């Protein structure tokens with residue numbers, strides 16, 4: 001079955017691509033109306049929520065703001081502690097609150113990030129009992145999302161519990177949840193996003209498109225740099241300028257014939273407040289859009305012989 005919507009009609013974005021992040025010291029935070037106007041001006045129809053509190057947290061107000069800019073809400077990133085039974089009730093309460101905001105704002109996706117602690121993110125090697133608790137927690141989030149009309153996607157991410165390739169493999173083997181295929185965070189953790197796109201396409205519910213600067217990524221893996229410092233150092237360049245095989249990944253996913261949504265989500269930081277620095281996020285996003293426009297990957301135009309080889 002071929003997709004019914006062209007690829008470029010299924011590309012959303014996120015405030016983090018404009019340097020918007022709640023982490024202290026991240027960088028200059030651009031005004032909301034400027035960011036939304038630039039998103040819309042570049043042709044985007046959907047955005048993710050971004051840092052909690054950057055966009056309104058009252059669904060009616062949120063929808064009104066997005067409507068003014070001709071945008072809709074696609075989803076939101078929700079960090080949750082799920083491995084600790086003593087903190088599960090609090091996590092589920094937070095999940096219900098987030099689901100209500102996302103659903104009320106018109107979103108489709110609930111992007112779960114499983115964190116070791118709400119205030120101090122780091123990778124954690126779980127015991128068998130903690131892993132079982134985490135899987136049960138994800139099942140609870142599935143029910144919360146279903147009740148709200150949302151699709152949960154679990155996001156492997158640097159400095160979270162699901163970070164390394166082994167963590168991703170366990171999610172795939174021990175749960176039925178869908179994944180958010182973040183092309184760069186997976187690569188940082190040692191997974192091959194192209195292999196996942198080819199072999200686990202039916203488990204991918206949402207795609208975050210990022211490219212990766214290998215030199216900066218190596219410094220992040222070695223703990224020489226934090227994630228924030230890595231972003232400030234340009235770890236996620238515009239699409240086509242890094243090591244991630246974006247063309248092959250998108251082609252493999254489009255060959256499934258599914259109407260997958262992609263989020264052009266390239267974490268960036270504005271480290272200076274001069275006009276050229278403030279304009280750079282928009283220019284980088286424009287470069288990524290031009291890269292995507294150059295891809296000939298619509299399923300309706302792919303012939304069977306175009307399908308990538310499963311080797312290599």
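The values are calculated or read from the model by the stated rules, or taken from the named source; none is laboratory data. It should be emphasised that the depicted structure is a prediction, and the values quoted were computed from it without experimental measurement. For neighbour counting, all protein chains shown are included, and Cβ atoms are generated from backbone atoms with ideal geometry for every residue, glycine included.
Taking segment 69-87 as the range and being surrounded by fewer than 19 Cβ atoms within 10 Å (Cβ to Cβ) and in contact (Cβ under 8 Å) with a residue 24 or more places away in the chain as the test, the residues that pass are 69, 70, 72, 84, 85.
Restricted to segment 123-194, the set of helices (runs of 4 or more DSSP H) holding at least 2 residues that are under 30 Å from residue 213 (Cβ atoms) comprises 165-174, 183-188.
Condition check: under 19 Å from the mean Cα position of the chain (by Cα) and more than 16 Å from residue 266 (Cβ to Cβ). Does residue 43 satisfy that?
Against the criterion (under 19 Å from the mean Cα position of the chain (by Cα) and more than 16 Å from residue 266 (Cβ to Cβ)), residue 43 does not qualify.
None of 205, 201 is surrounded by 21 or more Cβ atoms within 10 Å (Cβ to Cβ) and on the phi < 0 side of the Ramachandran plot except 205.
Of the conditions (1) part of a loop (DSSP other than H, G, I, E, B); (2) more than 17 Å from the chain's Cα centre (by Cα); (3) at pLDDT below 95, residue 234 fails just one. Which one is it? With (1) part of a loop (DSSP other than H, G, I, E, B); (2) more than 17 Å from the chain's Cα centre (by Cα); (3) at pLDDT below 95 applied to residue 234, the lone miss is (3). Residues in segment 288-299 that are at pLDDT 95 or above and either under 24 Å from residue 51 (Cβ atoms) or surrounded by 16 or more Cβ atoms within 10 Å (Cβ to Cβ) (or both): 288, 289, 291, 292. Assessment of segment 60-67 against the conditions (assigned to a loop (DSSP other than H, G, I, E, B) and either surrounded by fewer than 17 Cβ atoms within 10 Å (Cβ to Cβ) or within 18 Å of the chain's Cα centre (by Cα) (or both)) yields no matching residue. Residue 100 - would you say it is farther than 24 Å from residue 261 by Cβ and in a helix (DSSP H, G or I)? Against the criterion (farther than 24 Å from residue 261 by Cβ and in a helix (DSSP H, G or I)), residue 100 does not qualify.
In segment 212-231, of all residues being assigned to a loop (DSSP other than H, G, I, E, B) and without any contact (Cβ under 8 Å) to a residue 12 or more places away in the chain, the one that is surrounded by the most Cβ atoms within 10 Å (Cβ to Cβ) corresponds to 225.
Scan segment 103-122 residue by residue and report those that are part of a helix (DSSP H, G or I) and either in contact with a strand residue (DSSP E or B) (Cβ under 8 Å, 6 or more places away or on another chain) or within 16 Å of residue 153 (Cα to Cα) (or both). Correct list: 103 only.
In this structure, does residue 238 turn out to be within 16 Å of residue 190 (Cα to Cα) and touching a residue at least 40 places away in the same chain (Cβ under 8 Å)? Spell out how you get there, then give the answer.
Working: within 16 Å of residue 190 (Cα to Cα): no; touching a residue at least 40 places away in the same chain (Cβ under 8 Å): yes.
Against the criterion (within 16 Å of residue 190 (Cα to Cα) and touching a residue at least 40 places away in the same chain (Cβ under 8 Å)), residue 238 does not qualify.
Of all the residues in segment 167-193, those that are surrounded by fewer than 21 Cβ atoms within 10 Å (Cβ to Cβ) and closer than 14 Å to residue 256 by Cβ number 1.
Return yes when residue 43 is assigned to a loop (DSSP other than H, G, I, E, B) and surrounded by fewer than 19 Cβ atoms within 10 Å (Cβ to Cβ) and no when it is not.
Numbers: assigned to a loop (DSSP other than H, G, I, E, B): yes; surrounded by fewer than 19 Cβ atoms within 10 Å (Cβ to Cβ): yes.
Yes; evaluated as a whole, the condition is true for this residue.
All of (1) under 27 Å from residue 85 (Cβ atoms); (2) outside any loop (DSSP other than H, G, I, E, B) hold for residue 206 with one exception: (1). Among the candidates 43, 70, 105, the residue that is at positive phi and touching a helix residue (DSSP H, G or I) at 6+ places or on another chain (Cβ under 7 Å) is uniquely 70. It is to be established whether one or more residues within segment 136-158 are more than 29 Å from residue 17 (Cα to Cα), in contact with a strand residue (DSSP E or B) (Cβ under 8 Å, 6 or more places away or on another chain) and crowded, with 21+ Cβ neighbours inside 10 Å. Checked against the condition, which is being more than 29 Å from residue 17 (Cα to Cα), in contact with a strand residue (DSSP E or B) (Cβ under 8 Å, 6 or more places away or on another chain) and crowded, with 21+ Cβ neighbours inside 10 Å, segment 136-158 yields at least one hit.
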